[in-house]
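Asker: I'd like to ask some things about the structure below.
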Amino acid sequence: MPSKQGLTTEIEQRQRLNMLQREVGRLLEKNVNELEDDVWREVDENPALEVDHERDNDIEKTEDGEVYRETSEQMQQNDYGDDDDLPSYRYQANNRSRDDEYYTPPIANEPSLYDYLNEQINERELTATQQIIAQSIIGNLDSNGWLQRTPKAIADDVTFNDGVEVETEQVEQVLDMVRQLDPPGIAASSLKQCLQLQLERKAPTPHVQMARRIVGQYFDAFSKHHYDVLCSALGIDEKELEQVVHDEILTLDPRPGAGFSSGAGEHGQQITPDFEIEVDGDQYRLTLVNNIPELQISQTYSALYDRYGKERPVTRADKELMANVRQKYDRAATYIKVLSMRQNTLYNIMQAIVRRQIDYVLTGDETALRPLVMRDIEADTGYDVSAVSRATTNKYVLTPWGVKSLKFFFSEGLKRTDSDEEVSSREVQAALQALVAGEDKRRPYSDDRLCQLLAAQGYSIARRTVAKYRDVLHIAKASQRRQINPQNKEQ
């Protein structure tokens, strides 16, 4: 009997731990604006949870993790010249109500593809499951607006991560809906499909129908500029082909998502950074920005909880009331704990990123960025890769060098051939960009030639890596960079 009871207790503790981890993960995915909305929604829905209006001091953490308090007036008067007194972690305006004026950090005007698409999908009549699938699809779009995962992989993600069992066919159905959203060409899995989706939106004029045939049936010949093959296959002359290509195909956008930011926030709306970094010489200060209130459990519910902990309910009504009080109380206590865990996790991960990329943080020189992958942060903090990924998705930091996505700080690394030095992919991308900028536009460098030129500079990378970096930098292929009429270069 004792062993059975111990096993039951262990199972309950494990279930509670798993629940806490899931809730922390859910809050970790949210940026500062989304978190604020979530907190107020929880306060509205749970009467056991309320704002603590008496705690009007900012909470600070020093580098060694000690907590202390001081008023905003004291903070403004303090001299932060001494590193030992320099707080690195600050909760802003935790004591204020929803209608109060919050501390407003500097913000960046960046349209967000994620929220722009969500805005449109919310106008569709979707089931709860379809909404979850749509969120997963939109969340897997890259900066160009292309879909990076297969419907089967997305179905697996939703099944395992969201706990909703879905089939590949359901994902494909929702994907068709997403591809009907603006901008045209969104959620394509290839350049060909991206162009096809846009041509489908155009009125079916003779030239549009010809363009659809070119992209749909002869895309390989078109992409290689084999115009003689196209003219022969379509039965048209070169003049008409040129008109179709220039008026219908070259006007399409191969990267429909490139005009948007990768972060959350409504389309065209201001994005609030989740962190701020201030730099003074070779010192920095990292702040986690919060526009969330300080929470506490309602005194009424605390008293009821204590009362029912001491008294046995007599009537059925008392039993129901006790169960309700305990449920609300436990939910409030859990939410407060999870919120605190989320904040500490997010800050610790960002602090580890800053320490790894300190040279860039202090100088703003992108070539000073070191190779960094999520497993490095896992090793530094002890948080697993999934937590690091959630903490860095759709989050921003305000630096003296501009507002940066947290994903900006991550890049692959490679060793130079002329030394043992390891450099980040961003340094190689900068070298690649410089080579393309200086090339003869009548005879642009092929990817193979770019490989050779980069190797001469000490960067030994494969041709497919050059192609990948070109895509990241929005640099077209050599055939597409070539100027057909160089004599008309200057107009």
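Asker: Determine how large the accessible area of Asp247 is when every protein chain is in place; take a 1.4 Å probe and give Å² rounded to the nearest 10.
Answerer: Asp247 exposes around 80 Å² with every protein chain in place.
Asker: So how much accessible area does Glu311 have, in Å² to the nearest 10, using a 1.4 Å probe?
Answerer: Glu311 exposes around 100 Å² with every protein chain in place.
Asker: Please compute P(r) over all alpha-carbon pairs of the stretch 425-488, binned at 10 Å starting from zero, and give each bin as a whole-number percent.
Answerer: Once binned at 10 Å, the Cα pair distances of the stretch 425-488 give 22, 57, 17, 3.
Asker: When only the heavy atoms of the protein chains count and the probe is 1.4 Å, how do Val397, Val229, Val279, Val43 rank by accessible area, highest first?
Answerer: Val229, Val279, Val43, Val397
Asker: Checking a compactness column here: for the stretch 332-491, what do you get for Rg(Cα) / (2.2 N^0.38 Å), N being the number of residues?
Answerer: Normalised Cα radius of gyration, the stretch 332-491: 1.33.
Asker: Going by amide H atoms built from the backbone, whose H comes under 5 Å of the H on Leu49, apart from near neighbours?
Answerer: Ser298
Asker: For Thr129 and Arg463, FRET efficiency with R0 = 51 Å and r from the beta-carbon atoms, rounded to 0.05?
Answerer: Taking R0 as 51 Å, the efficiency between Arg463 and Thr129 is 0.75.
Asker: Going by accessible area, probe 1.4 Å, with all protein chains left in place, what is the ranking of His53, His474, His207, largest first?
Answerer: His53, His474, His207
Asker: Also, I was wondering about something else. Can you compute the equivalent ellipsoid semi-axes for the stretch 167-252, i.e. the square root of 5 times each eigenvalue of the Cα gyration tensor, sorted largest first and rounded to whole Å?
Answerer: 28, 13, 10
Asker: Given an 8 Å cut-off on Cα distances and at least 6 residues of separation, report the relative contact order of the stretch 358-436 as a percent.
Answerer: 31 percent
Asker: For the full complex of protein chains and a 1.4 angstrom probe, list Thr363, Thr287 by accessible area with the highest value first.
Answerer: Sorted descending by solvent-accessible area, the residues read Thr363, Thr287.
Asker: Between Asp228 and Asn122, what is 0.36 nm times their sequence separation minus the Cα-Cα distance? Round to one decimal in nm.
Answerer: 33.5 nm
Asker: Oh, and also: Keeping all protein chains in position, work out how much accessible area Trp401 exposes to a 1.4 Å probe, and write it in Å² to the nearest 10.
Answerer: 100 Å²
Asker: Using a Förster radius of 51 Å, what is the FRET efficiency between Asn344 and His474 based on their Cβ-Cβ separation? Nearest 0.05, please.
Answerer: 0.85
Asker: Here's something else I'd like to know. Given points 7 Å out from each Cα along the Cα-Cβ axis, report the Thr251 to Arg443 separation in nanometres with one decimal.
Answerer: It works out to 3.6 nm between the two label points.
Asker: Going by a ≥ b ≥ c, the root eigenvalues of the Cα gyration tensor, does the stretch 200-244 fall in the rounded group (a/c under 1.5), the prolate group (a/b larger than b/c) or the oblate group?
Answerer: Oblate, since a/c reaches 1.5 and b/c is not below a/b.
Asker: Between Ala317 and Asp384, what is 0.36 nm times their sequence separation minus the Cα-Cα distance? Round to one decimal in nm.
Answerer: 19.5 nm
The values are calculated or read from the model by the stated rules, or taken from the named source; none is laboratory data. Remember, predicted model here, so these are calculated numbers, not experimental data. All Cβ positions, glycine included, derive from the backbone under ideal geometry; neighbour counts span all protein chains shown. Ligands, DNA and RNA are excluded from the accessible area calculation, which covers all protein heavy atoms including side chains. Shrake-Rupley method; radii C 1.70, N 1.55, O 1.52, S 1.80 Å.
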